[in-house]
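Novice: The structure's right below; bear with me while I get my questions together.
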Amino acid sequence: MKTSADEQELERRFQQRIEDEQKIEPKDWMPAAYRKNLIRQISQHAHSEVIGMQPEGNFLTRAPSLRRKAVLLSKIQDEAGHGLYLYSAAETLGTPRSELIAALQAGEAKYASIFNYPTQTWGDVGAIGWLVDGAAIVNQISLQRTSYGPYARGMVRICKEESFHQRQGYEIMIALAHGSAEQREMAQDSLNRFYWPALMMFGPHDRESAHSARSMQWKIKRETNDDLRQKFIDQTVPQIAFLGLEHPDSGIRWNEERQHYDHGEIDWNEFYAVINGNGHCNRQRMEHHIRAHEEGAWVRDAIAAHREKRGGRKQQVA
Amino acid sequence: MSQEKLELFEVFIRSRRGLDHKHVGSLHAQDHEQALEYARDCYTRRSEGVSIWVVRSRDICASQEEDSESFFDPSDDKPYRLATYYKLPDPVDNM
């Protein structure tokens, strides 16, 4: 396909704007592929927030105290709000939320595969707040500088709210790690099961990442998967040490030259198996989402009926 | 005198790319187009912005300050929504 001279000029100006660190705003001209790439990434991010409520929701009725229950409920509520911010940001690109959700339910859109792991113990709720939200924060801090204005502004709001999520998770871990032998064992077990999947959240190595190069050029992504992962690995080592737990990666070593921790290799077979639908909970997560959506149909119908009735009444008065 | 027929619009200005539109004031105009031009003339005489939104004032639905006690009450007793609520020991306090 031949692009017209006009379009080339628009594209040149667009890229220049990006080079100049200016944000792209909804009504600006943008290449179709940039728009598509953003819709994919932002909606995937939104889906992750929403599906991410399920593993934690699993423990709402079994949180060990009223305080823990209130905190967990608040955190889950935040995730729903984050989903809403992100769907709204995606909608500024011209795709309605209902379409994005339909794509999720049809299996055409992805969400973070970490949420396909089950929460088996209370320790898992601590590990999720500490490690999963911790990894998400590293990624989201970087995305505050993403080139698309509404996405960047959403990230600022989300990061601000998210800071309590990691701290409440770590607080749970401290209580367990300083508790009875059984509790310590529970903390270690949760760390062992969630550490590696948390590292996978940053995505494949840069050399194997399908969307990375282009996203970096467009400044949708500001740092590579591997750089972000390294940041998370580095910050987590002292946190594990403070808990007095054993690091799940026997290959973890401080590298004086790099000023970073060297680490063992991630099991990428597991990563791709879970992404492709074979994690412990993939089917359960999707079935639950669809069921909740369908069971909520009467609410949507009632709202529509109420609107119609009120509209009718207004017309009568007029 | 036909001024009474003009509608009230609220004006929002984005001072620079990447920032939110912020409410700066209101004005009377015949329609959206005119409101945009008036807003440009009134509110951006000193390059205050790169983008303007105008919204009909009657389209804005606002909460009432008098009701704020009951309206915002649900979040008053939930300090655990703030990061500062969680006291962590110094060595790990930087999360």
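Novice: Inside the range B:6-25, can you point out the residues that are buried (at least 17 other Cβ atoms within 10 Å of the Cβ) and more than 14 Å from chain A (Cβ to nearest Cβ)?
Specialist: B:Phe9, B:Glu10, B:Val11, B:Val24
To keep it simple, each residue is scored yes or no on (1) in a loop (DSSP other than H, G, I, E, B); (2) among the small types (Gly, Ala, Ser); (3) touching a helix residue (DSSP H, G or I) at 6+ places or on another chain (Cβ under 8 Å); (4) farther than 15 Å from A:Gln140 by Cα.
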| site | (1), (2), (3), (4) |
| --- | --- |
| A:Phe202 | yes, no, yes, no |
| A:Ala213 | no, yes, no, yes |
| A:Arg222 | yes, no, yes, no |
| A:Lys231 | no, no, yes, no |
| A:Ala241 | no, yes, no, yes |
| A:Asp249 | yes, no, yes, yes |
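Novice: Let me ask something additional. Mind checking which residues of the range A:149-182 are open to solvent by 50 Å² or more (accessible area, probe 1.4 Å), facing another protein chain (nearest Cβ under 10 Å) and in contact with a Lys or Arg (Cβ under 9 Å, 6 or more places away or on another chain)?
Specialist: A:Glu161
Novice: Then there is this: Filter the range A:52-105 for residues that are open to solvent by less than 30 Å² (accessible area, probe 1.4 Å) and among the hydroxyl-bearing types (Ser, Thr, Tyr); which is farthest from the other protein chains (Cβ to nearest Cβ)?
Specialist: If we take residues in the range A:52-105 being open to solvent by less than 30 Å² (accessible area, probe 1.4 Å) and among the hydroxyl-bearing types (Ser, Thr, Tyr), then A:Thr95 is farthest from the other protein chains (Cβ to nearest Cβ).
Novice: While we're here: Specify which of the listed residues (B:Asp73, B:Asp67, B:Asp77) is under 30 Å from A:Lys160 (Cα atoms), within 14 Å of chain A (Cβ to nearest Cβ) and of a type in the set (Asp, Glu). Even if it seems obvious, please write down each step before you answer.
Specialist: Numbers: B:Asp73 fails: within 14 Å of chain A (Cβ to nearest Cβ); B:Asp67 fails: within 14 Å of chain A (Cβ to nearest Cβ).
B:Asp77 is the lone residue from the list that is under 30 Å from A:Lys160 (Cα atoms), within 14 Å of chain A (Cβ to nearest Cβ) and of a type in the set (Asp, Glu).
Novice: For the range A:8-60, what are the residues that are among the polar types (S, T, N, Q) and under 20 Å from A:Leu100 (Cβ atoms)? Working first, answer last.
Specialist: First pass over the range A:8-60, keeping only residues among the polar types (S, T, N, Q): A:8, A:15-16, A:22, A:37, A:41, A:43-44, A:48, A:54, A:58.
Across the range A:8-60, the qualifying residues are A:Asn37, A:Gln41, A:Ser43, A:Gln44, A:Ser48, A:Gln54.
Novice: Which members of the range A:269-299 meet the condition of being open to solvent by 60 Å² or more (accessible area, probe 1.4 Å), of a type outside the set (A, V, I, L, M) and over 24 Å from A:Ser209 (Cβ atoms)?
Specialist: A:His280, A:Arg283, A:Gln284, A:Glu287, A:His288, A:Arg291, A:His293, A:Glu294, A:Glu295, A:Trp298 - these are the residues of the range A:269-299 that are open to solvent by 60 Å² or more (accessible area, probe 1.4 Å), of a type outside the set (A, V, I, L, M) and over 24 Å from A:Ser209 (Cβ atoms).
Novice: Could you check the range A:1-74 for helices (runs of 4 or more DSSP H) lying wholly inside it with 2 or more residues that are within 19 Å of the chain's Cα centre (by Cα)? Show your work before the answer.
Specialist: Numbers: elements: A:5-19, A:32-51, A:53-57.
In the range A:1-74, A:32-51, A:53-57 are the helices (runs of 4 or more DSSP H) which contain 2 or more residues that are within 19 Å of the chain's Cα centre (by Cα).
The rows are residues; the columns are (1) among the β-branched types (Val, Ile, Thr); (2) at pLDDT below 95.
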{"residue": "B:His23", "(1), (2)": "no, no"}
{"residue": "B:Ser26", "(1), (2)": "no, no"}
{"residue": "B:Ala35", "(1), (2)": "no, no"}
{"residue": "B:Cys61", "(1), (2)": "no, yes"}
{"residue": "B:Pro89", "(1), (2)": "no, yes"}
{"residue": "B:Val92", "(1), (2)": "yes, yes"}
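The values are calculated or read from the model by the stated rules, or taken from the named source; none is laboratory data. All figures in this text were calculated on a predicted structure; none of them were measured in a lab. When we count neighbours, we look across all protein chains shown, and the Cβ atoms used for this are built from the backbone with ideal geometry, even at glycine. What goes into the accessible areas is simple: the full protein's heavy atoms, side chains included, and nothing from ligands, DNA or RNA. Shrake-Rupley method; radii C 1.70, N 1.55, O 1.52, S 1.80 Å.
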